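Here the structure comes first, spelled out in structure tokens, and everything after it is commentary.
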Amino acid sequence: GENVEQHPSTLSVQEGDSAVIKCTYSDSASNYFPWYKQELGKRPQLIIDIRSNVGEKKDQRIAVTLNKTAKHFSLHITETQPEDSAVYFCAAVPSGTYKYIFGTGTRLKVLA
Amino acid sequence: DTAVSQTPKYLVTQMGNDKSIKCEQNLGHDTMYWYKQDSKKFLKIMFSYNNKELIINETVPNRFSPKSPDKAHLNLHINSLELGDSAVYFCASSQTYTSGNTIYFGEGSWLTVV
């Protein structure tokens, strides 16, 4: 069945450094890749997404890249700040389906 | 203006009890979901309804029964609660069920079975 692998499971960076989280999906028919941020005790919230017809998307300090051939996509956070500390989830949605397949999550800690 | 609201937020109950979690969305969305997040933070879909019709029913014990009285509400009833049911249950909604629609999560319901 569909599977999304996410790495690393935990990531600690110094404030101001960059953070990169990578996900690999198994279903080549996936065409939508959202990223969610979940702060401690809060709900997951969408921070950025990318569709399969685009290779990269940026929104201020956040960017997502997609490599369809290799079936992986990555979240890049630049100039990290303490408020970026959270658990980040990637997801893949196979074309023609309505099932988000979430990755296992990455706990990001930004050290001040 | 909470878009997806669920109650209760916290629930502590004994094994064997039956409990319900209610969910309502005021976004006018057609599709609603129940997700389970375990202690390792894994997010897994349990059910999805589109316009009151069940469209996703993952491998979930029969003790879990969703009910959608209308497209703005999706409740989750759990019978004969077990220790392993302890988790955070998130209700969510999206405009429709097709790929590319953002899922909006509720605040979560922390269920602890003792």
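The values are calculated or read from the model by the stated rules, or taken from the named source; none is laboratory data. All values derive from a computational prediction rather than experimental measurement. So basically every Cβ, Gly included, is an ideal-geometry build from the backbone, and we count neighbours across all protein chains shown.
Elements of the type strands (runs of 3 or more DSSP E) sitting completely within the range B:50-114 and holding at least 2 residues that are among the hydroxyl-bearing types (S, T, Y): these cover B:64-70, B:87-94, B:109-113. Going through the range B:50-91 one residue at a time, which ones are away from every other protein chain (no Cβ under 11 Å), within 27 Å of A:S9 (Cβ to Cβ) and under 14 Å from the mean Cα position of the chain (by Cα)? Scanning the range B:50-91 gives B:V60, B:D85, B:S86, B:A87, B:Y89. Filtering the range B:65-112 to residues that are among the aromatic types (F, W, Y) and closer than 12 Å to B:W34 by Cα leaves B:Y89, B:F90, B:Y104, B:F105. The residues listed here are A:Q45, A:Q38; of these, the one that is within 11 Å of chain B (Cβ to nearest Cβ) and surrounded by fewer than 17 Cβ atoms within 10 Å (Cβ to Cβ) is A:Q45. Residues in the range A:48-78 that are in contact with a Gly (Cβ under 9 Å, 6 or more places away or on another chain) and within 11 Å of chain B (Cβ to nearest Cβ): A:D49, A:R51.
If you check A:V87, A:V54 for being β-branched (V, I, T) and assigned to a strand (DSSP E or B), only one passes: A:V87.
Please work out if A:N31 is assigned to a loop (DSSP other than H, G, I, E, B) and either touching an Asp or Glu at 6+ places or on another chain (Cβ under 6 Å) or polar (S, T, N, Q) (or both). No: the conditions fail for A:N31.
When the range B:13-42 is filtered for residues that are under 26 Å from A:T104 (Cα atoms) and over 11 Å from the mean Cα position of the chain (by Cα), the ones remaining, listed by number, are B:T31, B:D38, B:S39, B:K40, B:K41, B:F42.
Scanning the range B:79-107 for residues that are touching a Pro at 6+ places or on another chain (Cβ under 9 Å) and crowded, with 19+ Cβ neighbours inside 10 Å turns up B:D85, B:F90, B:A92, B:S99, B:I103, B:F105.
Would you call B:F47 within 21 Å of A:A86 (Cα to Cα), at pLDDT 90 or above, assigned to a strand (DSSP E or B) and within 14 Å of the chain's Cα centre (by Cα)? Judged against the criteria, B:F47 is not a match.
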